[in-house]
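Below: the structure, in structure tokens.
The values are calculated or read from the model by the stated rules, or taken from the named source; none is laboratory data. Just so it is clear, the structure is predicted and the values come from calculations on it, not from any experiment. Cβ placement follows ideal geometry from the backbone for every residue including glycine, while neighbour counts extend to all protein chains displayed.
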Amino acid sequence: MKSDVRTRVREALGTLQIEDAPAGGALVAAKSSPPAKLADKAKINEVLNAARAAAAYRPPQPPNIARASAASRRPEPEPRPEPQQVTRRVEIMVTGAVVGLVRDTLTELRVTLAELQAHLFCRAGETGGRLETRLTVFFDGCRHSTPWGASPIDVGAATTRWHCFEGESRFAEAFAHTGNEAERVDAVIIYGNRFDDHLYQTLAIAERLAKKGTRIFAFHTGRDRHSRRAYEQLAGLSGGVFVELSSERAFARVLPVITDYLFRPVEALRAAPAAKDRDVRALVEGLKLLPPPVSK
């Protein structure tokens, strides 16, 4: 079953050949999101459905086989309580200009985020843990946020909250929104190439998140030194990890490693051999220095 689920995800991801979409597609508060092409919507749904199956998968328990001989049968021990399923909440914040695509169109952004979630939930399903995610995207001059969900979400169809502004990132605003959650968020993953916020104000909010047990994992791409320095400080202040990615597409490769850190024993991560992938190796080396995630 496990291999069948992973095969479905890989096959679905293999069908994602991005087609040219018309420029534009801006979201404004008074209008609904522009419809994606039918072919693109089918691709998005295929990836999301495969990833949902992966997220729902749970490793089978070995059967309890009784001894055949009644004479040698011993009193059965009291059944051990099943380990409580671990739930982790992760928010992913992305600047729309760096999703590894040629143009900033909403359809392409939706496809890419569907692909990223497929990788993330597939890995969570393998660990037997329960993952809840929320997507926040700075795109077309607005901050878009989806509701929390325990399965992959189509960000274009599920956005319930957005705040529009003049083409800037709004990490401070998004962090403050996360800090107001009644239930703790385990990790905030930021990925991008820009930072337009007031740095010290944003760092102060990140420090409040850290005191609640939220770590920031920051992945930067591009040559802008100001945004790189900001991402590095945000990760360091919150007790997370910063990685300068070698390419925009590397984000999809490092994202599942965060899931491993959140769900698997930290000893397994520390004992793992060095990864060949440069970006994955940098992240793993940083994670090995962190204490285990905070328990619920």
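The table below gives the values:
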item	result
Near pairs, Cβ below 6 angstrom, 6+ apart or cross-chain, from the stretch 111-140 (of a type in the set (Lys, Arg)) to any residue that is at pLDDT below 80 and surrounded by fewer than 24 Cβ atoms within 10 Å (Cβ to Cβ)	ARG130/GLN85
ARG228 in contact with a His (Cβ under 6 Å, 6 or more places away or on another chain) and either loosely packed, with under 15 Cβ neighbours inside 10 Å or among the basic types (Lys, Arg) (or both)	yes
Members of the stretch 165-182 found to be at pLDDT below 60 and either touching a Lys or Arg at 6+ places or on another chain (Cβ under 8 Å) or of a type in the set (Gly, Ala, Ser) (or both), listed by number	PHE165, GLY167
Among residues of the stretch 185-216, those that are within 17 Å of the chain's Cα centre (by Cα) and among the basic types (Lys, Arg), counted	1
The listed residue being at pLDDT below 90, surrounded by fewer than 15 Cβ atoms within 10 Å (Cβ to Cβ) and of a type in the set (Lys, Arg), out of ARG253, ARG270, ARG264	ARG270
Enumeration of residues in the stretch 121-139 that are closer than 28 Å to ASP196 by Cβ and in contact with a strand residue (DSSP E or B) (Cβ under 7 Å, 6 or more places away or on another chain)	THR133, ARG134, LEU135, THR136, VAL137, PHE138
Of residues in the stretch 111-130 being surrounded by fewer than 23 Cβ atoms within 10 Å (Cβ to Cβ) and over 18 Å from VAL254 (Cβ atoms), the one modelled with the highest pLDDT	ARG130
Index of the failed condition, THR133 passing every other in (1) hydroxyl-bearing (Ser, Thr, Tyr); (2) outside any strand (DSSP E or B); (3) modelled with pLDDT of 80 or more	(2)
Residue in the stretch 231-246 that is of a type in the set (Val, Ile, Thr) and buried (at least 22 other Cβ atoms within 10 Å of the Cβ) present	yes
